[in-house]
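The values are calculated or read from the model by the stated rules, or taken from the named source; none is laboratory data. This structure is a prediction, so every number in the text was calculated from the model and none was measured. Here Cβ is always computed from backbone atoms with ideal geometry, including for glycine, and neighbour counts include all displayed protein chains. The protein model used for the area step is the full one, side chains on, heavy atoms only, and it has no ligands, DNA or RNA in it. Shrake-Rupley method; radii C 1.70, N 1.55, O 1.52, S 1.80 Å.
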Amino acid sequence: PPGDSGLVVRDLAVSYGPVLALRGVSLDVPRGSVVAVLGGNGAGKSTLLRAVSGTLRFHRGGITAGEVGFGGTRLSGAATSAVVARGVVQVPEGRRVFARMTVEENLRAGALGAPDRRSAAEARESVLALFPVLAERAGQRAGLLSGGEQQMLAIGRALMAGPRMLLLDEPTLGLAPMMAARIADTVREINARGTTVLLVEQNAAMALSLASHAYVLEVGEVVLSGPAAELAASDEVRRRYLGIE
Ligand code: ATP
């Protein structure tokens, strides 16, 4: 039904001053799905998420063409707070938690601007059920957590806003394989509970195991897209774009 669509990106171009970072990018993230965007360093993955979340301006960037819509309304041009209010929440790259605040304080910060009237206590409970380790560490400074725990906190903080859609920027970057697998399981669980996910990853194998559909970005353009299983099975794709032998 109208108003029930997921994320729609059409012919998007983004520049940082003279640097053109994205051009002609179109993609769809149907409601309830997990969609992955793959690509190497500098391909424009983070830029795409910033364009959706309304945080481009904090990086001196801007949308120069195209649009972004979610749930039938226009997101492009909206302030970050308005994007969050529509239920679209970004987990920033590099798991930027507030290092000197406690785990509990980080979670509480995530509840600010929550789009629904669900109580913060209820959100907190479901986040702690998903990540029990955060309950154990509630009073600890976030900067003292391991990398994997910080990623859990970054995701947990985003979930405190009760998002309809989560934007994940390389959630497994720099994590040991076991921890990366745990984060992947968590993303699966979050999606199973009804949250739509746009996942940006260099870890193609992991991303393709989670996503139903994937797009490959190269130098700011979509060079390939298709069902994740098809991309994962294609020898050419594996060699050329995914670095899997
Ligand atoms: P990475 O995995 O390294 O983060 P990425 O795929 O996320 O890569 P982006 O960070 O989106 O890529 O960068 C896309 C292009 O835009 C690159 O050429 C990058 O140098 C440029 N870029 C990114 N941020 C800025 C900025 N704040 N100012 C100028 N250029 C930028």
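Points to keep in mind about this one:
- Hits in the stretch 151-171 (condition: farther than 15 Å from residue 111 by Cβ and open to solvent by 10 Å² or more (accessible area, probe 1.4 Å)): 164, 170
- All of 39, 6 fail the test of being of a type in the set (Gly, Ala, Ser) and within 16 Å of the ligand (Cβ to nearest atom), apart from 39.
- None of 34, 14 is surrounded by 20 or more Cβ atoms within 10 Å (Cβ to Cβ) and away from the ligand (no atom under 13 Å from the Cβ) except 34.
- Residue match in the stretch 84-95 (condition: within 10 Å of the ligand (Cβ to nearest atom) and in contact (Cβ under 8 Å) with a residue 60 or more places away in the chain): yes
- Residue 96 meets each of the listed conditions (1) open to solvent by less than 50 Å² (accessible area, probe 1.4 Å); (2) under 16 Å from the mean Cα position of the chain (by Cα) apart from (1).
One line per residue, one yes/no per condition, for (1) open to solvent by 50 Å² or more (accessible area, probe 1.4 Å); (2) at positive phi; (3) under 13 Å from the mean Cα position of the chain (by Cα):
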position	(1), (2), (3)
174	yes, yes, no
191	no, no, yes
200	no, no, yes
209	yes, no, no
212	yes, no, no
219	yes, yes, no
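- Failed criterion for residue 53 (all others in (1) at positive phi; (2) under 14 Å from the mean Cα position of the chain (by Cα) hold): (1)
- Top-ranked residue of the stretch 105-150 - restricted to ones that are of a type in the set (Asp, Glu) and open to solvent by less than 70 Å² (accessible area, probe 1.4 Å), ranked as modelled with the lowest pLDDT: 116
- Failed criterion for residue 59 (all others in (1) in contact (Cβ under 8 Å) with a residue 12 or more places away in the chain; (2) surrounded by fewer than 24 Cβ atoms within 10 Å (Cβ to Cβ); (3) away from the ligand (no atom under 16 Å from the Cβ) hold): (3)
- Verdict on residue 77 being more than 14 Å from the chain's Cα centre (by Cα) and either free of Cβ contacts under 8 Å to residues at least 60 places away in the same chain or more than 16 Å from the ligand (Cβ to nearest atom) (or both): yes
- Screening residue 60 against (1) more than 22 Å from residue 171 (Cβ to Cβ); (2) within 18 Å of the chain's Cα centre (by Cα) leaves a single unmet condition, (2).
- Test result for residue 71, in contact with a Leu (Cβ under 9 Å, 6 or more places away or on another chain), under 28 Å from residue 202 (Cα atoms) and at pLDDT 95 or above: no
- Among all positions in the stretch 25-36, there is at least one residue which is over 22 Å from residue 216 (Cβ atoms) and under 18 Å from the mean Cα position of the chain (by Cα).
- The lone exception for residue 66 - which of (1) modelled with pLDDT of 95 or more; (2) within 16 Å of the ligand (Cβ to nearest atom); (3) surrounded by 20 or more Cβ atoms within 10 Å (Cβ to Cβ) it fails: (3)
- Complete set of residues in the stretch 193-236 that are within 16 Å of the ligand (Cβ to nearest atom), among the charged types (D, E, K, R) and free of Cβ contacts under 8 Å to residues at least 24 places away in the same chain: none
- Where residue 205 falls short, out of the listed (1) hydrophobic (A, V, I, L, M, F, W, C); (2) closer than 19 Å to residue 39 by Cβ; (3) at pLDDT 90 or above; (4) open to solvent by 10 Å² or more (accessible area, probe 1.4 Å): (3)
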